[in-house]
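All remarks here apply to the structure that follows.
None of the figures in this text is laboratory data; all of them are computed from the coordinates on show. Since the structure is predicted, the reported quantities are computational estimates derived from the model, not experimental observations. Quick reminder, even Gly has a Cβ in these numbers, built from the backbone with ideal geometry, and neighbours come from all protein chains shown.
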Amino acid sequence: MKLYIMRHGQAEPMSDAWPDSERRLTDEGITEVQQASEWLSQQCESLEQCYASPYRRAQETQNVMNERLNCQQLKTLSCLTPEKRVHETVTELAAEISVAGVTTALIVTHMPLVSYLVAEIDKAQQPPIFATAAIAEIEFDPQTGTGRLQQLMQPEHC
């Protein structure tokens with residue numbers, strides 16, 4: 001199956017005025033995500049499942065992606081927050097994808113988790129650096145929780 005792992009778009013800077021989980025996308029972040037959705041729409045005909053972190057910027061990214069891609073099902077997973085352990089996250093994602101029985105899925109999460117997910121799924125990879133709104137395309141086997149990185153799209157390449 002095709003698994004797309006995406007970092008959220010550019011978000012507001014950290015502030016004492018609100019918690020990290022409430023940071024919103026900037027206008028530039030929205031534009032980045034729109035460009036990423038255009039690229040992803042050329043890679044796959046449809047997305048069956050979209051998973052996102054509960055943090056506001058990831059939810060906003062998922063919503064912008066969905067405007068173009070019309071994902072069949074949206075789901076929020078707490079295992080996609082930045083501080084989660086990568087091995088447990090891969091295990092939970094593999095189980096979710098297996099149960100759903102989908103052939104395409106998008107995950108929207110955060111640095112450094114996006115990088116660690118790629119390296120955990122494809123052991124031949126070092127953790128790649130993700131720009132905001134970057135997407136890794138992985139050929140993924142949910143039965144084993146392993147896969148192979150096919151390509152990494154950075155927003156300037158849209």
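Just flag the GluC sites (Glu not before Pro) in region 59-143 sitting in loop per DSSP whose Cβ has no more than 15 other Cβ atoms within 10 Å. Display every interim value, and only then the final one.
Numbers: sites: 60, 67, 83, 88, 92, 96, 120, 137, 139; in loops: 83.
Loop-located and lightly packed - 83.
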*the chain - charge dipole about Cα centre, Lys and Arg +1 at Cβ, Asp and Glu -1, debye rounded to 20*: 220
_Computed lengthening from residue 129 to residue 91, 0.36 nm per intervening residue step minus Cα-Cα distance_ = 11.5 nm
*Quick one: work out the % antiparallel among DSSP beta bridges in the chain, nearest 5.*
50
*Would you mind ranking 90, 64, 108 by Cβ crowding within 10 Å, fewest neighbours first?*
90, 64, 108
*Put +1 on the Cβ of each Lys and Arg and -1 on the Cβ of each Asp and Glu in region 37-77; which of 64, 37, 53 then has its Cα farthest toward the positive end of the dipole?*
53
*Candidate aspartates and glutamates - alpha carbon under 19 Å from residue 2, same-chain residues fewer than 8 apart omitted*: 38, 45, 48, 92, 96, 120, 122, 137, 139, 141
*Exactly which trypsin sites (Lys or Arg not before Pro) in region 1-88 are in a DSSP loop and have at most 16 other Cβ atoms within 10 Å?*
24, 85
*Using only the Cα atoms of region 71-158, build the gyration tensor, take square roots of its eigenvalues as a ≥ b ≥ c, and label the shape rounded, prolate or oblate: rounded if a/c is under 1.5, else prolate if a/b is larger than b/c, else oblate.*
rounded
_Vicinal HN-Hα couplings computed from phi for region 53-67 (Karplus, 6.51 cos²θ - 1.76 cosθ + 1.60; Hz; Gly/Pro x)_ = 4, x, 5, 3, 5, 6, 5, 5, 4, 4, 5, 5, 4, 5, 4
